[in-house]
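As structure tokens, the structure follows; a few thoughts come after it.
The values are calculated or read from the model by the stated rules, or taken from the named source; none is laboratory data. Computed from a prediction, not measured in an experiment: that's the story for all the values here. Here the Cβ positions follow ideal geometry from the backbone for every residue, glycine too, while neighbour counts run over all protein chains shown.
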Amino acid sequence: MSGYVEESLANGPGGPRAVIWTQGCQHACKGCQNPQTWDTDKVIELISADDLAAKIMSNPNHRGATFSGGEPFLQARGLAQVSRIIREKKGLNTVCYTGFTYEELIGTRAPDAALEFLAEIDLLIDGRYVESLKSSDPSAHLWRGSSNQRLIWLKPDFLYAERPFQGNVTEIHVSPNGAVVFTGFGGQEFQV
């Protein structure tokens, strides 16, 4: 795990959500907002599927979890297990961002356990980030960094249960140790 925030409203529908950033990504998209997650040899925090699921479920406000990257499908088997646990024990849903396309994930060259993980995901947001297709308009593309990325509702019941989209937002989270995390898709530029 590369990062974690509680109670996000910016990273997918049906919040508040736990957001988990995975470590390792081979896509190396130009303009990626998380290039620190690319290194597949770097270990930030090792956590078991059971412990991550328990962490997500420990917050009674969470309605689901969002996996982002890095590339979550490089850890598909473990994240499938997390998603299964939180759904079975608390009825929580799963959103996953991936640089792979859906077609790549169901194809013969898919990462290990990709189909297992896909079976546990409610909303897949697929496709590599393309910097030239980003918009600064917060209402331009729902929960996506660039317009080529697709929303694929793998469990349609989740779609019908969610609130109408009001526009992308950017959140600022401050952790107890003072670390600051900017997350979301508001299109705003920040200077620190």
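Scanning the stretch 10-57 for residues that are out of contact with any strand residue (DSSP E or B) (no Cβ under 8 Å at 6 or more places or on another chain) and β-branched (Val, Ile, Thr), which turns out nearest to residue 146 (Cα to Cα)? Ranking the qualifying residues of the stretch 10-57, first place goes to 40.
Filtered by the rule that a residue be crowded, with 22+ Cβ neighbours inside 10 Å and either closer than 23 Å to residue 28 by Cβ or within 11 Å of the chain's Cα centre (by Cα) (or both), the stretch 75-95 gives 75, 76, 79, 94, 95.
Which of the residues spanning the stretch 76-114 are in contact with a Ser or Thr (Cβ under 8 Å, 6 or more places away or on another chain) and of a type in the set (Lys, Arg)? Listed by number, the list holds a single entry, 87. Residues that are surrounded by 17 or more Cβ atoms within 10 Å (Cβ to Cβ) and in a loop (DSSP other than H, G, I, E, B) within the stretch 114-127 comprise 120, 121, 122, 127, listed in sequence order. Of the residues examined, residue 10 is not one that is small (Gly, Ala, Ser) and more than 19 Å from residue 125 (Cα to Cα). A Cβ distance below 7 Å, combined with a sequence gap of six or more or placement on separate chains, defines the contacts here; from the stretch 28-53, residues that are within 24 Å of residue 81 (Cα to Cα) reach residues that are surrounded by fewer than 13 Cβ atoms within 10 Å (Cβ to Cβ) and hydrophobic (A, V, I, L, M, F, W, C) in the pairs 38/28. Determine whether the stretch 58-65 contains at least one residue that is within 14 Å of residue 3 (Cβ to Cβ) and surrounded by fewer than 17 Cβ atoms within 10 Å (Cβ to Cβ). Taking every residue of the stretch 58-65 in turn, none turns out to be within 14 Å of residue 3 (Cβ to Cβ) and surrounded by fewer than 17 Cβ atoms within 10 Å (Cβ to Cβ).
Against the test of being in a loop (DSSP other than H, G, I, E, B) and either buried (at least 20 other Cβ atoms within 10 Å of the Cβ) or of a type in the set (Phe, Trp, Tyr) (or both), the options 31, 12 yield a single qualifying residue, 12.
Looking across the stretch 128-167 at every residue that is of a type in the set (Phe, Trp, Tyr), assigned to a loop (DSSP other than H, G, I, E, B) and under 17 Å from the mean Cα position of the chain (by Cα), the one that is modelled with the lowest pLDDT is identified as 143.
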